[in-house]
1. Report the FRET efficiency, 1/(1 + (r/R0)^6), for Thr122 and Lys84, where r is their Cβ-Cβ distance and R0 is 30 Å, rounded to 0.05.
2. Give the Cα extents of segment 123-184 along the principal axes, in whole Å, largest first.
3. Report the net charge of residues surrounding Val198, where surrounding means a beta-carbon distance below 9 angstrom and charges are Lys +1, Arg +1, Asp -1, Glu -1.
4. In a shell of Cβ-Cβ distance under 13 Å around Ala166, excluding Ala166 itself, what net charge do Lys and Arg (+1) and Asp and Glu (-1) give?
5. State the Cα centre-to-centre distance between segment 180-250 and segment 116-139 in whole Å.
6. What does the C-alpha gyration tensor say about the overall shape of segment 89-130? Classify as rounded when a/c is under 1.5, otherwise prolate if a/b is larger than b/c, or oblate.
7. Run the simple label-point estimate for Thr104 and Arg207 please: 7 Å along Cα→C-beta, distance reported in nm.
8. What does the extension gain come out to for Thr216 and Leu249, with contour length at 0.36 nm per residue minus their alpha carbon separation?
Amino acid sequence: MLRRKSIAFFSLISLTMVSGGLVLGQTTTTTPGAQTTQTDKQDAATRATGAIPSKSEPINAAPVQPAEATPAPAPVPLSPAEQKAADNKAALDALLAEATALKTSYENSRRSRNKTPVSLSTFRSMELRLQMAAAADPANAPALDMANAMRMIQYAILQPSVQIAAVANRELYAHEMGQRMRDDGMKVVASGRGNSTVRFVSPQMTRQMAMQLVETAKIPEQARALQFRRVVFSSGRRSWTYDVARGRLR
């Protein structure tokens, strides 16, 4: 009887321990499926956390230094011949500029109402300087052209005086020829506008005599030099005219 009770007691204790183990195992022991699920959650949390970029500290970059300028190469020194050519060109350019300014001042003075005196010697001096520059270099066309311009300006300045002198010279020529031919009964006078015509008048004048005077007295050369337009040979009733420009008697 006692043995049966002991066996029953020990059976109860064993059953209680087994029952307690099952309860404890259900509350404290994790099943493999639950453990895998928890691991997946941790990995997802880790990936989510890693996707968020971490806030980085500002980087203080050093300022960009400008590139150093490359020094310009030193100019190649000119040879003596090249230096001389450069100096000559600079001198010629300065001379042409001075001549251009002088020409402009003359043109302005001609257009103005108040005529200012113009120094003839200034243009003559400039003409000589330009001629020297052109002679030093025959290919220097600008200097030669400007020298011709200076000469034309001198002619224009002197034209009134030259015209007055030419009129006086033609009259003087007629007077001198009249004195030389007075003994032959020849009268010589200058007539027309500006004394442009010289007349040889004689009662004995014929065409043959006129032709002889043209050939022996060198009248055509003198007429051209004094800028006569016509030379008239007359007897009082008939006349023959020598055309200075065409060089023939008609």
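Nothing in this text is a laboratory measurement; each read-out follows from the coordinates by a stated rule. For clarity, every value in this text was computed on a predicted model and none was experimentally measured. Note that we place each Cβ from the backbone using ideal geometry, even for glycine, and neighbour counts take in every protein chain shown.
1. Values: r = 29 Å, r/R0 = 0.97.
Efficiency at R0 = 30 Å is approximately 0.55.
2. 58, 22, 15
3. On the way: positive: Arg170, Arg199, Arg230; negative: none.
Net charge in that neighbourhood comes out at +3.
4. Values: positive: Arg170, Arg193, Arg224, Arg229; negative: Glu171.
Neighbourhood net charge equals +3.
5. Taking the Cα centre of segment 116-139 as reference, the centre of segment 180-250 is 41 Å away.
6. Values: a/c = 4.54, a/b = 1.92, b/c = 2.37.
Oblate is the answer for segment 89-130, as a/c is 1.5 or above yet b/c matches or exceeds a/b.
7. Each label point lies 7 Å from its Cα, and together they span 6.2 nm.
8. Details: separation 33, 0.36 × 33 = 11.88 nm, distance 1.44 nm.
This chain segment gains 10.4 nm when fully extended.
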